[in-house]
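Comments concern the structure below.
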Amino acid sequence: MTYTETSMDGLRAAGDELADATVAALFDRGEVGKFNTLMRYVSVAGAPLPDGLPDVAREYLNATSAPPSWVDWGEMEKARLFFIDNNVHISTALSFASMPACYVVPTVAKLLSATHGLKYPSKRMAETGQFTVYLMRPDAFEAGGRFLPAAQKVRLLHASIRHHLVRENHWDTGELGTPICQEDMIGGQMFFSMLVLDSLHRLGIHMSTEGAEAYYYAWRVVGAMLGVDQDAVPKSLEEARRFLDLYMVRHMGPSEEGAHLTRQLIDLYEEVVPGTFFDPIVSALIRHLVGDTCADWLQVPRTPWDTVVKAVPHLLGVLETIEDHSPLGAWALDRLGHLTSVLELSSLTRGRVMHYAIPEQLKKDYGVTNSVTRNRRWIPPAATVS
């Protein structure tokens, strides 16, 4: 597919018809609180829907209860094995590249500020990490798996944000397009797939084309479950690269919200890292993975660790050599990676399961400032995220 300014503008005007209609009906009938209460503990696929659930919600949940018919389960298994083999590196990329990349798109930073506030970055990171873990489990799409219900709820969460912003006149759709539009949803899919693969490359991780394609394929499936238009989404890594490049050129820029969210993210991970000596490595990793231009926009501080982090690919190369030549070493490193990822997620969630719910209201002080409009299409020629 060829992506142009015109085609991207079309995607900017589109939302998610099914989820939007469901959420609108729940709000119009005053049934949002009832839905949230009844669905709070429906967290696994195949669980019976609770009695008293609003009819419109029941219809939506039944319509979205299965993965797309076109899913290639062989590719999904390849993606799961790729994730297992690279789980620490993928977690690092999600935390220090994908999330900051979201913040470098001013309209997205505004949306994130509106939905969770600036005081709870751990909730955003925990939800992202937990969602990815659910996706990569062997039972992700089977009865008892947690991914399908999570995807159904996240899709409604996105629709509720669109509902609030438009109905309460907090969003200039003429200038900014539909909030959480198809363009931004596909852009998010690129951040959590293509940008992760780019970050693995920057970290010096050796990966096969087959593994990279499978990982991207898994996120195509995620996009389908979250309401992304499958006629518009890139089908291959080459198409994804063209979309991501154009999307970032159209929307990258500095914003107050982006810098604030990044500072909260850095503070969060500095708390997770034991002691204080290694705290600067958080900022150094972000700068290394997103590049100096974007890091400066996000006001990521420069530290002496900026140089040290550049040696990370060499260290990982040594570990990969051990893994390639020693089955015991490979097993030990995989277990260490799994335990590290579990520890990180446990630190963010405080050991709790994150529950997704439809927000009955957004922050009362939310508003789109002129800075978003000014920065929507502004970008110096030298800026890149790769």
Subject >> Estimated FRET transfer efficiency when R0 is 41 angstrom, pair residue 27-residue 77 (beta carbons, to 0.05) >> reply: 0.55
Original post:
For residue 83, what accessible area in Å² do you get when you roll a 1.4 Å probe over the heavy atoms of the protein chains, rounding to the nearest 10?
Top reply: 30 Å²
Original post:
How would 281, 161 line up by accessible area, probe 1.4 Å, largest first?
Top reply: 281, 161
Original post:
Say each of residue 361 and residue 296 gets a label point 7 Å from the Cα, pointing the same way as Cα to Cβ; how far apart are those two points in nm?
Top reply: 4.2 nm
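Can you give the FRET efficiency for residue 236 and residue 34, using 1/(1 + (r/R0)^6), R0 = 35 Å, r = Cβ-Cβ distance, to the nearest 0.05? Intermediate values should be presented prior to the final figure.
Values: r = 43 Å, r/R0 = 1.24.
With a Förster radius of 35 Å, E is 0.20.
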Original post:
Once both labels are modelled 7 Å past Cα along the beta-carbon direction, what's the residue 271-residue 41 spacing in nm?
Top reply: 2.9 nm
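The values are calculated or read from the model by the stated rules, or taken from the named source; none is laboratory data. Small disclaimer: the values here were computed from a predicted structure and weren't measured. A quick note on method: Cβ atoms are made from the backbone with ideal geometry, for glycine too, and the neighbour counts reach across all protein chains shown. The accessibility values were calculated without ligands, DNA or RNA, using every heavy atom of the protein model including side chains. Shrake-Rupley method; radii C 1.70, N 1.55, O 1.52, S 1.80 Å.
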